[in-house]
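*Asks:* Let me give you the structure first, and then I'll get to my questions.
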Amino acid sequence: MRSSALHPHRAPVVRAAVLAALATVLLTLVGAPPASAHNALRGSDPADGSTVPAAPDRVTLTFDQVAIELGSEVVVTAPDGTVVSEGPVQVAETDVVQILADERPAGEYQVAWRVTSADGHPISGTFVFTAAEGTGEPEPTIEQTATPTPEPTTPAATAPTTAPSAAQTAAPAERDVAAAGTPAWLWVVGAAAVVAAVAVAVVAARRRTSPGRGDATPGDEDR
């Protein structure tokens, strides 16, 4: 009978203790900090889907928690399919930086990344951006053309080194006379003179050898 008489008094106490325990649990759950979530990408430079005036020399990814270099990688592909990311990533707390090559053409770039969080959990993702102009593109080469063969030039006429002779400097008429030789009439006159001289000599010789009519012979003088 005594135990049954005390039971009604214990029931409120038990209920109060249960309610207090439940309140403590609720307060603990409500007041406890949430479980830490995995690292997440907050933004990038260039931003996803953006268009920049010129192709940048680096890509920067910013996370909400600290990242580590171990296992982190950023691959940037140019519009022509060439991978322009060079060297390992550079991590500065929540920023992950990837350096790009010197030659970067214009067009749409694709970025594929994988980053390791400080708790060792890897995360990955992709995004794109467009460059209006390229940077560091090589200058177009000028095709070398065959050197034309120089045409032979006609040498200029040079003045004669020797002085012209008298015959060369004579007038055309005089040159013609000299070329024609001694005129024919001179030959005729000369021939006639020779014939006349011979005739005169012959006549004179005959006169000397034939006796004259007035000359006396030696016999006649004695008679």
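The values are calculated or read from the model by the stated rules, or taken from the named source; none is laboratory data. Since the structure is predicted, the reported quantities are computational estimates derived from the model, not experimental observations. Cβ placement follows ideal geometry from the backbone for every residue including glycine, while neighbour counts extend to all protein chains displayed. Just the protein is used for accessible areas: all its heavy atoms, side chains included, with ligands, DNA and RNA removed. Shrake-Rupley method; radii C 1.70, N 1.55, O 1.52, S 1.80 Å.
*Asks:* Quick check: pseudo-label points 7 Å beyond the Cα along Cα→Cβ at Ala192 and Asp64, how many nm apart are they?
*Replies:* That separation, rounded to one decimal, is 14.9 nm.
*Asks:* Under 12 Å from the 7 Å Cα→Cβ point of Ala40, by amide nitrogen: which residues of the stretch 53-85?
*Replies:* 64-65
*Asks:* Could I ask something else about it? Mind grabbing the accessible area of Thr135 for me, 1.4 Å probe, Å², rounded to tens?
*Replies:* 40
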